[in-house]
Amino acid sequence: MSGENGDQNINLSHTDVERIAKALQSHADAMGQNGRAGSGGEQSGSLYSLRYNGQLTPDQLGKWQAAQTFAQTVGSSGPDTGVNALLGLYATYVQQYNALIATLRAGKINTAAAEDASTIPAPGAN
């Protein structure tokens, strides 16, 4: 595969593209539903972690006025407020990240098929 980056050509082998896709998949898996367990078993950075640890209460933040206001904002339980709104955005981000990986892999497969097809002699050619 090749492309342009400003004035420079970029050439990537099928192996390079798959290596990039695997690295991206590792990140997507960590951000996804189950995430990656930390040393204490927590799922830091995952949808799971955000869903179960993102509901902040006034008691967790302290009794001062700004903390109480912040808790009301991020701890709101409405469908489009607080942590729930952030969860929706993050889930969409993870979904689009996975779509990028699928697109890279599909491009690799299509390019490989085209390269293979171009090496096959036409019927009747000698």
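What follows draws every value from the coordinates through simple rules; no lab data is involved. In this text the structure is predicted, and so the values were computed from the model without any measurement. So basically every Cβ, Gly included, is an ideal-geometry build from the backbone, and we count neighbours across all protein chains shown.
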Stretched fully, the stretch from Tyr52 through His27 gains (0.36 nm per residue minus C-alpha distance, one decimal, in nm) 7.0 nm
For Arg19 and Thr92, FRET efficiency with R0 = 30 Å and r from the beta-carbon atoms, rounded to 0.05? 0.70
Around Leu104 (Cβ within 15 Å, Cβ-to-Cβ, excluding Leu104; K/R +1, D/E -1) the net charge comes to +2
Expressed in nm to one decimal, what extension gain is obtained for the pair Lys63 and Ala117 from 0.36 nm per residue of sequence separation less their Cα-Cα distance? 12.5 nm
